[in-house]
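Reading through the structure tokens given below for one structure.
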Amino acid sequence: MKHLTAKYNEPIYTSSILDFYFRDVRAGVLDIETTGLNSSRNKFILGGLLDFQNKTLHQFFAENRNEEILALEKFAEEVSKLDMVITYNGKHFDMPFINKRLRMFSMKNCTPYNLDLYLVLNGHSPIKKFIPNLKQKTVENYMGLWQNRSDEISGGESVELYNSYEKTGNKQLGDKILLHNSDDVLQLTRLLKVISKADFHKAMFHLGFPAGPFTVEKIRIDSDSISVSGTQRKFNMDYMGFSFGDYPAEIRLTGKTSDFCMKLPIIRDSGLAIIDLESVGISCKPFSIYPSYSSGFLVLEDHNKKNYMEINHFIKDFIRLFMENL
């Protein structure tokens with residue numbers, strides 16, 4: 001197995017909206033190569049990971065199929081150091097593939113939060129109206145990044161090259177596979193700025209976001225409550241409570257399944273869904289900048305129009321407060 005490292009010397013895209021969700025989160029960009037799409041019978045052969053904290057690109061390359069376990073184990077160890085990975089279609093392919101192969105070898109799942117840029121663009125950006133498809137290379141070209149890519153092969157061609165490399169050990173073939181993977185990782189790092197072309201608060205409401213040691217996965221506003229559920233990302237704790245101080249909140253953490261669920265009462269009035277921040281015990285000051293805030297009350301929904309930023313902000317602050325008082 002080869003473990004290659006390289007320094008990334010370009011600035012990494014930042015913005016206020018990224019800081020809103022991911023401040024103090026250790027993040028990186030991930031992409032994998034496999035011998036096919038079926039994780040039950042195909043092999044993990046190469047994992048690329050750019051760690052933003054030390055700006056180092058790691059590649060773990062199984063030079064033959066027998067080295068899959070070692071390459072996968074070392075790659076998973078590196079991924080597990082992160083709180084968040086940025087992928088392109090990673091929720092549907094990369095992370096499920098990695099975790100299925102890990103389970104097959106009786107190794108622990110990788111559980112960082114996954115920001116999947118493909119899902120952000122597919123569901124929450126108008127740019128798909130202007131380009132023929134949402135393949136990563138197509139979006140790179142739209143964002144003016146075509147000149148940064150050196151490799152000229154596809155994922156399917158990478159599989160064919162690997163089959164030849166495994167038989168011959170030809171260094172040039174191996175280098176082409178590694179270049180294809182590294183270019184995907186580096187280009188995806190540059191592509192992070194595409195979130196400026198999306199309704200990112202809406203995307204986070206629907207796709208989920210990290211909140212302290214949890215990953216919020218589902219938010220639902222009902223007639224008399226807002227429900228939040230997801231996974232415990234950093235521990236497996238059991239907890240059951242029906243109040244938070246004097247606030248009648250239902251909160252459940254299940255260690256066996258690593259999930260959590262919170263159900264918090266809201267006020268319904270004249271088509272509005274309102275949360276009383278003062279009764280919850282949350283500081284009102286951070287919310288005073290919103291036009292939907294007034295006198296300790298925050299409007300989460302106005303006649304079925306959701307205020308996504310305010311909802312997500314409230315959930316993040318409530319979880320932070322809950323953990324401080326746990």
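We did not get these values from a lab; they are worked out from the coordinates using the rules stated. This is a predicted model, so every value here is computed, not measured. Please note: Cβ atoms are built from the backbone with ideal geometry, for glycine as well, and neighbour counts cover all protein chains shown.
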Calculate how large, on average over all directions, the projected area of the Cα convex hull of the range 1-78 is; give the answer in nm² to one decimal.
6.3 nm²
Starting at 0 and stepping by 10 Å, how many percent of the alpha carbon pairs of the range 149-238 end up in each bin?
14, 24, 20, 22, 15, 4, 1
What share of Cα pairs, in percent, lie more than 19 angstrom apart in the range 26-169?
56 percent
Contact order relative to length for the range 129-287, counting C-alpha pairs under 8 Å separated by 6 or more residues, stands in percent at 12 percent
Tell me, how many Å apart are the Cα centres for the range 132-179 and for the range 1-39?
18 Å
Candidate lysines - alpha carbon under 17 Å from K218, same-chain residues fewer than 8 apart omitted
K91, K202, K263, K306, K316
Can you pull the Rg over Rh of the range 195-247, Cα-only, Kirkwood?
1.05
For the chain, longest principal axis from Cα atoms; helix 171-190 axis from its Cα atoms; angle between them, nearest 10 degrees, is 20 degrees
Along the principal axes of its C-alpha atoms, what lengths does the chain span, in descending order and rounded to whole Å?
71, 44, 32
Counting other Cβ atoms within 10 Å of each Cβ, which chymotrypsin sites (Phe, Trp or Tyr not before Pro) in the range 173-267 have at most 14 and sit in a DSSP loop?
F235, F242
If you fit an axis through the alpha-carbon atoms of helix 308-325 and take the longest principal axis of the Cα set of the chain, what angle between them do you get, 0 to 90°, nearest 10?
80 degrees
Computed [θ] at 222 nm, deg cm²/dmol, the chain (DSSP H ≥ 4; -39,500 (n - 2.57); rounded to nearest 500)
-10000 deg cm²/dmol
For S227 and S164, extending 7 Å from Cα along the Cα-Cβ vector and measuring point to point gives, in nm, a value of 5.5 nm
So for the range 2-199, taking the charge dipole from beta-carbon charges (+1 Lys/Arg, -1 Asp/Glu), which of T34, W146, N66 sits furthest toward the positive end?
T34
Send over the per residue convex hull volume for the range 42-81, Cα only, as a whole number of Å³.
57 Å³
Treating only Lys and Arg (+1) and Asp and Glu (-1) as charged, each at its beta carbon, one finds that the chain has a dipole about its Cα centre, in Debye to the nearest 20, of 500 debye
Among L102, T189, P112, flag the residue with its Cα farthest along the positive direction of the charge dipole of the range 92-196, charges on Cβ as +1 for Lys/Arg and -1 for Asp/Glu.
P112
I'd like the distance separating the alpha-carbon centroids of the range 183-207 and the range 230-263, in whole Å.
30 Å
Who wins for biggest fluctuation among T34, T111, T14 in a Gaussian network model of the chain, springs between alpha carbons below 10 Å?
T14
Can you give the translational diffusion coefficient of the range 185-303 in µm²/s, computed by Stokes-Einstein from the Kirkwood radius over Cα pairs at 4 °C and 1.567 mPa s?
79 µm²/s
Going by how many other beta carbons lie within 10 Å of each one, how would you line up E77, E67, fewest first?
E77, E67
